[in-house]
1. If we keep just the residues of region A:247-293 that are among the acidic types (Asp, Glu) and farther than 22 Å from A:ALA311 by Cβ, which is farthest from the other protein chains (Cβ to nearest Cβ)?
2. Condition (residue is more than 8 Å from chain A (Cβ to nearest Cβ), of a type in the set (Asp, Glu), touching a residue at least 60 places away in the same chain (Cβ under 8 Å) and assigned to a helix (DSSP H, G or I)) applied to region B:83-93: is it met by at least one residue?
3. Does A:ILE123 fit the bill of being in contact with an Asp or Glu (Cβ under 8 Å, 6 or more places away or on another chain), within 14 Å of chain B (Cβ to nearest Cβ) and outside any strand (DSSP E or B)?
4. Restricting attention to strands (runs of 3 or more DSSP E) lying wholly within region B:377-453, give those where 3 or more residues are buried (at least 18 other Cβ atoms within 10 Å of the Cβ), aliphatic (A, V, I, L, M) and touching a helix residue (DSSP H, G or I) at 6+ places or on another chain (Cβ under 7 Å).
5. Please find, among A:GLU213, A:GLU227, A:GLU201, A:GLU231, the residue that is surrounded by fewer than 20 Cβ atoms within 10 Å (Cβ to Cβ), touching a residue at least 60 places away in the same chain (Cβ under 8 Å) and under 25 Å from the mean Cα position of the chain (by Cα).
6. For a quick check of your reading: which strands (runs of 3 or more DSSP E) sit entirely within region A:1-99 and have at least 1 residues that are more than 8 Å from chain B (Cβ to nearest Cβ) and free of Cβ contacts under 8 Å to residues at least 60 places away in the same chain?
7. How do the pairs read when you match residues in region B:219-243 that are in the same structural domain as B:MET420 (by TED's automatic domain parsing) and closer than 12 Å to B:VAL405 by Cβ with residues anywhere that are part of a helix (DSSP H, G or I) and of a type in the set (A, V, I, L, M, F, W, C), using Cβ under 7 Å and keeping only pairs 6 or more apart or on different chains?
8. What tally of residues in region B:274-324 results from selecting those that are of a type in the set (Gly, Ala, Ser) and either assigned to a helix (DSSP H, G or I) or buried (at least 23 other Cβ atoms within 10 Å of the Cβ) (or both)?
Amino acid sequence: MLKDLKQQIERLRAAGATYVDARWYPYEESNALTMWNGNLKDASSSRESGVGIRVLYKGAWGFSASSDVSNPTGLFDKAFDNARISAERVTFPIRLAEKDALQATFNSPTKIDPFVVSLSDKISFLKEMDEKLNQPGVLQRVGELIFMRKQIVFVDSEGSEIEKNIVEVFPGIMVMGVDEQGVSHQRSFSPGRIADTRGWETIDRGIFLENAERIVREMKEVLVADECPKEDRSVILLPGIMFLQTHETIGHALELDRILGYELAYAGGSFVTLDDFGKLRYGSPKLTARADATLTNTPGSFGYDDDGVPAQDNLLIDKGILVGAITGRQMVEEANARAKKQIFKGSSGANRATAFYRVPIERMTNINIDPGEDGTLDDIVKSTERGIILDGTKSWSIGSNREQFHFATDIGWLVEDGKIQQVVKNSTYKGDTLKFYNSLSAVGDKSTWQVEYVNNCGKGQPNQIMQLGHGVPVCRFDNVRIGE
Amino acid sequence: MKEKILQILADLRAYAIGKGIEATFFYHEEDSYLMRFANSAISLNTNEHLIRLEITAYEGRKRASYALITDLGKLEEMKQGIDIAGEMVKHAQPLNYDPTIPVYTETFVDEGGFDPALASLSNEERLAYFNRLAGNLETNDVKLGGIFSSGSNIVAAANTRSEHSIYIKTSDAQVTAVLSHAKLKWEVIAEQSAWQKSDLTPEALHDDLAFLLERYQNDAPQQIPLGRYDIVFGPAATGDLISFMNWIGFSGGALKRGFSCLKEEQVGQKVFSDKFTLLDEPARLETFPSKIDLMGIKRSTFPLIENGVFKGFTWYQDDADEFGAQPTGHTVMHKSLWLKPGDFPAATLRELIEQPRDNDILYIPYLHYMNLVNPSKGVVTASSRFGALLLKKDGSIVVPYNVRVTQSLFDIFGDKVAWMSKAETVNNTSSSYGARNPTSVILPTFIRVNDLEISHSNSSY
């Protein structure tokens, strides 16, 4: 197969293509189990394989994909034909940033492959969690296990040949109850990434049992809590919501294709302009954010992106100043040309596709906030006069240029004079992105820093679901509107 | 092709029976084309031909499924899938209810929603369509973006309980055209949905874009004050709101699990404006309908809301099994939603603007990134985007920066509804996550709702 792909790449190069690559998925497998109120509602597996072909011709892309690899000539020709028609409407001929031709392999660190664990063992875990969650006041209880395993072979016309073998594990539990007004409330738990691996061994029964008890307790507290007040307060975001805040208003805002207008017709743009790099005060000096694809234990680390560029750890925001973006080979060239200066030295290695039948686009890796020097969560609470601690991702809605946002959380704890006072329900907060990050007044230390994962980030047309991570500390922001 | 697919399903059925495996088979084939535009160029031109087969095996109350992306020539691979599902189900845990396995009493074939001319559009035709809709509107600063997504879909199903099969073939196209200002960061939009080639009229999109463009190019945008406004929603905004209502309102399973904004005691009660009638209408081909569900239940007009009165919940078969309810023919990939029109005469934005106004009206054509703040109360939040206008009572027009609306669906579609237009628009709500599933909602082109709160108003784009 590999030999066929290389021959086809050479054939299209000889026919005039500037660049050609192929992503061959010998296999991609998934296994999903959902137990809902004791019923194993979903026990499913899937497998797919195929090839995606990308061709650059006269400054324009063409793409074609199929699970049928019996006619590689036809498949490559289709991609070439698609590029030919694209070349009839070009405004900025695509160029690709320089990279090294690599022969490399990446294996995600895994001790126990979840696909060799028996179905019975997986169900046994879910049953144990279900029994733990089955408490008075809990109307719905859900346990979920999702496993993914894939092999990707990348070859291109520049001499790269990269094999990736990736395993992912996404476990979670959730409880839901209904208050006296008939309003549903839920709490959930998905474990942060603690160890250095990504396999079945990361599912720690003890941690799950401890958190099952916690989320039931907290959900029941919410059911009898007062409404979140409608006023301005300091908000203290725990990692369970800070990761999503980071994702939506730093991660997506700094995808270079969005900044350049390539997502304007659907996902939206970004308030950031090319003039802002090196100058824009994105947040207070306490804010340092990075795109770190070198963390070992999260789905935002993949060794090499789908341009064949190695994983990197790059600063995005340095002590509050915007310095970097999430980039692939195409966009950095266009951005530098449009800006008439070199903003980006090269691709940051963040061009990824969700499947063989989708084209790579700029995707987040692990968009992290560095831990700060404001101590533990207790320390931050003690230094807060009038605030609210927030956790859980009930709802999120972001402006089309990521300029403003509205979040609802699962739980809130009011803080008065440095002490936690009471739980409130239906907690929300909203703000303008730059004003919000410039109000960052405390960043928790390493003890508060946690790696959360996202397994359902959507972007692009056709839509692509991507997996990635966020390492974030507890953060406090001042004068934020809550309760609306 | 149809005969080959039905034969493969028959072969798989025979294999499963031979192996003693009780099973259902769901076949999905898509031929998808997407031409994407950005910065006035074709930024992506792609096509995928994918065949998905999902096999669900049953053993008493136990159930397990295996899905694969495959090809018609790989019968052995499909049979292996049956073996895997058959092995998985042995280790599954019994449900506490009996899952229904369908029995089809006749073979059902429907190709009425398939137009070969639309399904076989060429690259050149897609590009020509976009060139026509954009004609003379692009400048150095105003760039064209959008998508032309088109293709065909085959859904087929069979099972070991009956010899018959289901086969439904549709064609579809979704066009989104956006003109955006590269520096000022505003955008205007025009959209079209098609189930047949004759639905594609680029001239109509050109007119819509030209009209909005004139406003956005020549008028200085303003931050409008927070407060309450009379709002006219365009079809994309209303389509999103109706889709959310469908998501959190009508499912019997969601009701029983406590996630529905509509309650059992509201059946037969007036919960929305008497101007509000919402149907599931599989006779409308614009909705890419299923006239039969995957359980073999024939589908016909199903009233959800009639003159504001909630008529009843819809039941997916598995929910009906779990909660002891009667299935309603809603084990489908999507409903065929039709919000019936009113009598307001405006059919286009030009006509809307020309109507006399008794108050300032905020026109919101599109709501971006809608999400549920409080599902039980039907509270949603979203931002305006793509060509909002503040139509002043004195006849002048202001271009507003984007605003946020956080409101209950009961408020939006309750007694504050002032009118709905007589003209209808098909709003294509397809999502291309996973398998192709063309979906649309038929709506009044404009709906006016009075006295809704704007909770956030941008000071820039």
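The values are calculated or read from the model by the stated rules, or taken from the named source; none is laboratory data. Please read all numbers here as calculations on a predicted model, not as lab measurements. Virtual Cβ from ideal backbone geometry, glycine too; neighbours counted across all protein chains shown.
1. Only one residue tops the list, namely A:ASP276.
2. Yes, the conditions are met somewhere in region B:83-93.
3. When the stated conditions are applied, A:ILE123 does not pass them.
4. B:440-444
5. Being surrounded by fewer than 20 Cβ atoms within 10 Å (Cβ to Cβ), touching a residue at least 60 places away in the same chain (Cβ under 8 Å) and under 25 Å from the mean Cα position of the chain (by Cα) holds for just one of A:GLU213, A:GLU227, A:GLU201, A:GLU231, which is A:GLU201.
6. Counting at least 1 such residues, we get A:39-57.
7. Going by the 7 Å Cβ cut-off, the qualifying pairs are B:LEU241/B:LEU409; B:LEU241/B:ILE412.
8. So the answer is 2.
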